[in-house]
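The values are calculated or read from the model by the stated rules, or taken from the named source; none is laboratory data. Values in this document were obtained by computation on a predicted structure and should not be read as measured data. Positions of Cβ are backbone-derived with ideal geometry, glycine not excepted, and every protein chain shown enters the neighbour counts. Areas reflect the complete protein model, heavy atoms only, side chains present, ligands, DNA and RNA absent. Shrake-Rupley method; radii C 1.70, N 1.55, O 1.52, S 1.80 Å.
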Amino acid sequence: MKVFFQSYGCAKNSVDSEKLVGLLNAAGHEVVFELNEDLSNQAEAAVINTCGFIEAAVKENVNAILSLEALKTKGVIKKIIVAGCLFNRYGEALRKEIPLVDLWVKSEDWDAVTRFLNGNDKAKISNEHWVRGLLKDNLPASRYLKISEGCDSFCSYCTIPSIRGRARSIPIGQIAEEAVKLCEGGAKELCLVGQDTTLYGQDIYGEPKLEELLAELEKSTPEGIWIRLLYLHPNRVTRRFIDKVTESSKILSYLDIPVQHVSGQILQSMNRIGDESHIRDIFRYARENNKLFALRTTLMVGFPGETDLHWRRLLDFLEEAQIDRVGVFEYSPEEGTKAASFPGQIDRKTKKSRASRLMKLQSQISTVRQRLFIGKTLKILVESIDARDKIAWGRSYRDAPEVDGFVGTHFKRQKESEGKSKSVIKAGEFIYSKISDSTEHDMFGEIVSK
């Protein structure tokens, strides 16, 4: 059967979608990522893996489902399957509101989709945990590796524990096996993801085991592989951990540490453990350890009760920490969270003003940080080739997929004997680029070698 597939949401959801695509392929289905109006060559079923994290995502996903309902009414598709976080969050209410959906599936119950499409022919259904497909436009060279699901932090503004449940880690051996399979399939970069990767292993080993997992991945993966760490809780990042990252030949000197805020009062109201002094210390230490260490964080403005003084501590923190990449978000009161009922809700205009001022400062910092690399040579993982302008677009150790910048590397074309020309590099390869120019987010250079 030809199956149309759509995926929404975060990197962790992308892993789920790749798993579901892999299972559909293993079950004998042809997965496509576009709907063809030619009914003779149309997908019979449509599958959406949804996001239900914030209100904007909920609206986007509901509209996508309604669009499929309209196509089903016209006879363009026959079956609609909706999976993932949206159903986890809203459950039976969705069945009543969107009756033309044939199957609703909670996150991680992916074999329910193949059971529905294949009937009782279980021989075609594969439950191998490492089976992964590829989504539209995804490259096999850069893959997310999910190490845990759910969360035990219960931040007062967050819906994740209610949507995905308590933290559940994947055993070290199983993660290592999947990592090896991904590398065998062409992966050059493995991005470790989880709601809080620093808490990895607490539920199954009795204490966090992220360092042990990293040691196993360093041992089992091929030489030259990049291992990138995302979503680290600042309270569990230590100086010793930063030393380990800096000394590793595979773990990139890049840490994504979402702090959300630095004011102790606001952090306490957010139900986030930790304090401002520790947050400042780990960012300062990473800089002292290696001035080119890449740091990313996210900040939230306009949380209930945030005063102008609280917000100015964020400005001061940015000035001191000189962070490479920063995402700034305006607090959104989400249904079902404790913070939605807190007093002291901040008006929209104030939130936008505070976010804008933070981003203006961060723009200046990012621009300065980028200039540090002019004249230096960086290793680049190529993602695409602009053949006309002879530019290879890729990412350095400083650039995580989807959220950070790119490095554009100019190259020459080499002549073939027939008189045609071909690119000297391909997507999915590593090259070396000598940086000659930079902007706030991107850098540009000339190819040095492959």
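A few remarks follow.
- Identity of the residue in region 196-212, among the acidic types (D, E) and open to solvent by 40 Å² or more (accessible area, probe 1.4 Å), that ends up farthest from the chain's Cα centre (by Cα): E207
- Among the conditions (1) surrounded by fewer than 17 Cβ atoms within 10 Å (Cβ to Cβ); (2) assigned to a helix (DSSP H, G or I), the only one that V58 does not satisfy is (1).
- Pairs meeting the criteria (first residue in region 1-22 and more than 15 Å from L134 (Cβ to Cβ), second residue of a type in the set (S, T, N, Q) and assigned to a helix (DSSP H, G or I), beta carbons under 9 Å, at least 6 apart or on different chains) are M1/N118; K2/N41; Y8/S17; Y8/N61; G9/S17; G9/N61.
- Residues that are in a strand (DSSP E or B) and either open to solvent by less than 10 Å² (accessible area, probe 1.4 Å) or modelled with pLDDT under 95 (or both) within region 213-253 comprise I227, R228, L229, I251, listed in sequence order.
- Restricting the first member to region 158-184 and to residues that are more than 17 Å from K12 (Cα to Cα) and touching a residue at least 24 places away in the same chain (Cβ under 8 Å), and the second to residues that are basic (K, R) and surrounded by 21 or more Cβ atoms within 10 Å (Cβ to Cβ), the beta-carbon pairs closer than 9 Å and six or more apart or on different chains are K181/R132; C183/R143.
- Condition check for N49: open to solvent by less than 40 Å² (accessible area, probe 1.4 Å) and either at pLDDT 90 or above or over 22 Å from the mean Cα position of the chain (by Cα) (or both): yes
- Residues that are in a helix (DSSP H, G or I) and either without any contact (Cβ under 8 Å) to a residue 40 or more places away in the chain or surrounded by fewer than 19 Cβ atoms within 10 Å (Cβ to Cβ) (or both), drawn from region 337-357: K338, A340, S341, R348, K349, T350, K352, S353, S356, R357
- Of residues in region 179-195 being charged (D, E, K, R) and within 18 Å of the chain's Cα centre (by Cα), the one farthest from S253 (Cα to Cα): K188
- Search result, residues across region 254-271 that are surrounded by fewer than 20 Cβ atoms within 10 Å (Cβ to Cβ) and either part of a helix (DSSP H, G or I) or at negative phi (or both): P258, G264, Q265, Q268
- Filter result (over 20 Å from the mean Cα position of the chain (by Cα), under 14 Å from N49 (Cα atoms) and either open to solvent by 80 Å² or more (accessible area, probe 1.4 Å) or at pLDDT below 85 (or both)) within region 112-141: none
- Subset of region 369-401 (residues that are within 15 Å of R296 (Cα to Cα) and open to solvent by 20 Å² or more (accessible area, probe 1.4 Å)): Y397
- Any chance Y90 is within 19 Å of the chain's Cα centre (by Cα), among the hydroxyl-bearing types (S, T, Y), open to solvent by 30 Å² or more (accessible area, probe 1.4 Å) and closer than 27 Å to P333 by Cβ: no
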